[in-house]
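Colleague: After the structure tokens below, expect a handful of questions from me.
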Amino acid sequence: MTTATSKEKFSYRVWRYNGAPGELIPLLQSAQEHFGYIPRRAINYISGVTGIPESDIYGVITFYSQFRLRPMGKYVVRACAGTACHVSGAKMIIETIEDELGIEVGDTSEDGMFTLNTVACIGCCSLAPVIMINDETYGRLTPASLRKLLRKYIRKVGETAASIENVSCAK
Ligand code: FES
């Protein structure tokens, strides 16, 4: 049995679009699954086939935080906003990341290096506040230690990531 590729699924959804309410969302999810984000050419293609104005498609994409207009960064920073991290200063941690990287939650930096997202819980609550950068987990952060960590990533982009001590946590 063959399984449809993400490209086939995307194409299938575009061509079967019949204007039913809510049908654009799964179509855009399919585009994002295929491309990793929703590129301009996909919006152009969807608009051309379905007749939906590009401006309307952009409106939907920018309304829902699940959609991205840029590819994910080389380093994906996941800041925990769960309860344990929240009471341990997650808000300040997130603001520090935003300030250091010059992006807001949900954005990717202009140079494509960093994407910042929040998550509900990383599973290392005893180490709050916690973030992950790709597969590495960093806990008991302070704004100062976080800035130091992020600057290491910024400096070492393209190389093996920061040598600052990361913590492991059994999930
Ligand atoms: S709440 Fe942040 S790791 Fe669990």
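Colleague: Would you grab the residues whose amide H sits under 5 Å from the one on Y75? Only those 5+ places off in sequence or on another chain, please, with H modelled 1.01 Å from N.
Modeller: Close amide H contacts, sequence-distant or interchain: F114, T115.
Colleague: For the range 78-92, what does the Karplus curve 6.51 cos²θ - 1.76 cosθ + 1.60, with θ = phi - 60°, yield as ³J(HN,Hα) per residue in whole Hz, taken in order and with x for Gly and Pro?
Modeller: Those phi angles translate into 10, 9, 6, 10, x, 4, 4, 6, 4, 6, 9, x, 4, 4, 5 Hz.
Colleague: By how many nm would the segment from E95 to A144 grow when fully extended, if each residue of separation counts as 0.36 nm and the alpha-carbon distance is taken off?
Modeller: 16.4 nm
Colleague: Under a Cβ-only charge scheme (Lys and Arg +1, Asp and Glu -1), can you give me the dipole magnitude of the chain about the Cα centre, in debye to the nearest 20?
Modeller: 320 debye
Colleague: Follow-up. Of all beta bridges DSSP finds with both residues in the chain, what is the antiparallel percent, to the nearest 5?
Modeller: 55 percent
Colleague: With a cap of 11 neighbouring Cβ atoms within 10 Å, and only residues DSSP puts in a loop, list the chymotrypsin sites (Phe, Trp or Tyr not before Pro) found in the range 12-99.
Modeller: Y64
Colleague: Obtain the nm distance between the two label points defined at T3 and V157 by a simple spin-label model: each point lies 7 Å from its Cα along the Cα-to-C-beta direction.
Modeller: Here the answer is 3.4 nm between the modelled labels.
Colleague: Give me the extension gain from E23 to C121: residue separation times 0.36 nm, minus the current Cα-Cα distance, reported in nm with one decimal.
Modeller: 32.2 nm
Colleague: Which one, T118, T62, T96, has the greatest fluctuation when you compute a Gaussian network model over the chain with C-alpha springs under 10 angstrom?
Modeller: Result: T62 has the largest fluctuation of those listed.
Colleague: Beyond 19 Å, what percent of the Cα pairs of the chain remain?
Modeller: Looking at the chain, the distances longer than 19 Å represent 61 percent of pairs.
Colleague: Let me ask you something else. Sequence gap of 8 or more, or different chains, plus Cα separation below 24 Å: how many lysine pairs satisfy both in the chain?
Modeller: Step by step, the pairs that qualify in the chain add up to 9.
Each reported figure results from applying straightforward, stated rules to the coordinates on display, with no laboratory input. Keep in mind it's a predicted model, so treat the numbers as computed, not measured. Note that each Cβ is placed from the backbone with ideal geometry, even for glycine, and that neighbours are counted across all protein chains shown.
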